[in-house]
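The values are calculated or read from the model by the stated rules, or taken from the named source; none is laboratory data. Keep in mind that this is a model prediction, so the values were computed, not measured. Quick reminder, even Gly has a Cβ in these numbers, built from the backbone with ideal geometry, and neighbours come from all protein chains shown.
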Amino acid sequence: MQRVGFVGWRGMVGSVLLERMRAEGDFKGFEPIFFTTSNVGGAPPSVGLDAPPLADAGDLEALSSLDVIVSCQGGDYTTATHGRLRERGWRGAWIDAASTLRMRDDAVIILDPVNRDVIDRAIGSGTRDFIGGNCTVSLMLMVMAGPIRAGMVEWISSMTYQAASGAGARNMQELVRQMQVIGERAGALASDPAASALALDGNVQQTLTSEAYPVREFGAPLAASLIPWIDKPVADGQTREEWKGHVEANKILALSPEVPIDGLCVRVGAMRCHSQALTIKLRGEVPLPEVEDAIRASNQWAKVIPNEPDATKRELTPVTVAGTLDVKIGRLHTMRMGKDHVAAFTVGDQLLWGAAEPLRRMLQLWLSR
Ligand code: HSE
């Protein structure tokens, strides 16, 4: 029986992964071993299969004995561990969601509903490193793979509205704490119909700019504001998050020639769903219904929402998508720039298709091959 090690299963993405694996009945037919960086010998989580006490995530000997390692521990752990295991000759499958290995030639970026062919080819040529993509990129491809693969798309500009969860669990807490402080300080100004909106605005502005306002994680107020910068600067005025859009999407779909993808990435006060406003430049005029059909052909989770006010408010928001596997796209219409330009808005759960789900599915795929 194959032995599968789980590292970082207690964190936010790891918890979602275990929850999804339990829900899908994935815990069968293999031997799970749970690793820890802080509680060696502790009790493993209950997954319906016998598992030994928690093992040491730094124990290369124990890790080398595994057939598969699934890590949600983050990039530092991958950097510290993966290379040393390979140097020892370990030939097992490494599955993680960190950016450390993503762009390496010997790693494949996994998003099997849209690139199963690329994954299968990689496995066939001996690839053993299976890496989940950047959440924004994966969510965009969940709806855009169909039109891209159909050869309809010349380029895409993606302007993102990224949720707090993408920055981490502590950031989600900070966002809500910011909202709490705003509410506490506004007091009756927020609910008294006789209070002036300008007085409320002045109060909130004072809160947002006060020394005591909690901004440790984000480095700036997010609630009642936004932050148009995610990750580090790279070349040409881009951020690393923006750079990933082009390089990862093209690698995921193995596109040649490449389809240019670029835009600005912005953090907003949503909890766990990333949204993106897309400008899609088509290779000529394509009737909108054909574009919509190509989007639906991307996979069973790509859902087209009619470009109408009620449907948009009811279905095309982070709130209505959170916790579901549907990746929705709506507001679709041709633009003033010409009939070969289409506007769209898409939203998906960053913790599911953007993080845990591709790992869960890759593990199943590997175990059942
Ligand atoms: N980098 C993403 C974000 C997280 O900051 O929202 C997931 O790839």
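Quick notes on this structure:
- Inter-residue pairs, beta-carbon under 6 Å, first acidic (Asp, Glu) and in the range 53-81, second surrounded by fewer than 20 Cβ atoms within 10 Å (Cβ to Cβ), 6+ apart: 56/40; 67/2; 67/3
- Hits in the range 273-317 (condition: in contact (Cβ under 8 Å) with a residue 60 or more places away in the chain and more than 23 Å from residue 261 (Cα to Cα)): 300
- Considering 85, 60, the condition of being over 22 Å from residue 364 (Cα atoms), surrounded by fewer than 21 Cβ atoms within 10 Å (Cβ to Cβ) and either touching a Lys or Arg at 6+ places or on another chain (Cβ under 8 Å) or of a type in the set (Val, Ile, Thr) (or both) is satisfied by 60 alone.
- Some residue of the range 97-107 being surrounded by 13 or more Cβ atoms within 10 Å (Cβ to Cβ), within 27 Å of residue 170 (Cα to Cα), modelled with pLDDT of 95 or more and more than 27 Å from the chain's Cα centre (by Cα): no
- Yes/no for residue 192 being under 21 Å from the mean Cα position of the chain (by Cα) and either away from the ligand (no atom under 13 Å from the Cβ) or surrounded by fewer than 17 Cβ atoms within 10 Å (Cβ to Cβ) (or both): no
- Checked against the criteria, residue 269 counts as touching a residue at least 60 places away in the same chain (Cβ under 8 Å) and farther than 16 Å from residue 153 by Cα.
- Residue match in the range 162-177 (condition: under 21 Å from residue 319 (Cα atoms) and either modelled with pLDDT under 95 or away from the ligand (no atom under 16 Å from the Cβ) (or both)): yes
- Selected residue [within 30 Å of residue 149 (Cβ to Cβ) and surrounded by 13 or more Cβ atoms within 10 Å (Cβ to Cβ)] from 290, 217, 285: 290
- Number of positions in the range 288-346 that are among the acidic types (Asp, Glu) and either assigned to a helix (DSSP H, G or I) or touching a Cys at 6+ places or on another chain (Cβ under 6 Å) (or both): 5
- Against the list (1) within 16 Å of the ligand (Cβ to nearest atom); (2) over 21 Å from residue 282 (Cα atoms), the condition residue 317 fails is (1).
- Among the candidates 182, 156, residue that is touching a residue at least 60 places away in the same chain (Cβ under 8 Å) and not basic (Lys, Arg): 156
- Pick from the range 251-276, criterion within 16 Å of the ligand (Cβ to nearest atom) and of a type in the set (Gly, Ala, Ser), ranking: nearest to residue 341 (Cα to Cα): 263
- Tallying residues that are part of a loop (DSSP other than H, G, I, E, B) and within 14 Å of the ligand (Cβ to nearest atom) within the range 198-237 yields 11.
- The residues in the range 321-369 that are within 15 Å of residue 158 (Cβ to Cβ) and within 13 Å of the ligand (Cβ to nearest atom) can be counted, and the count is 3.
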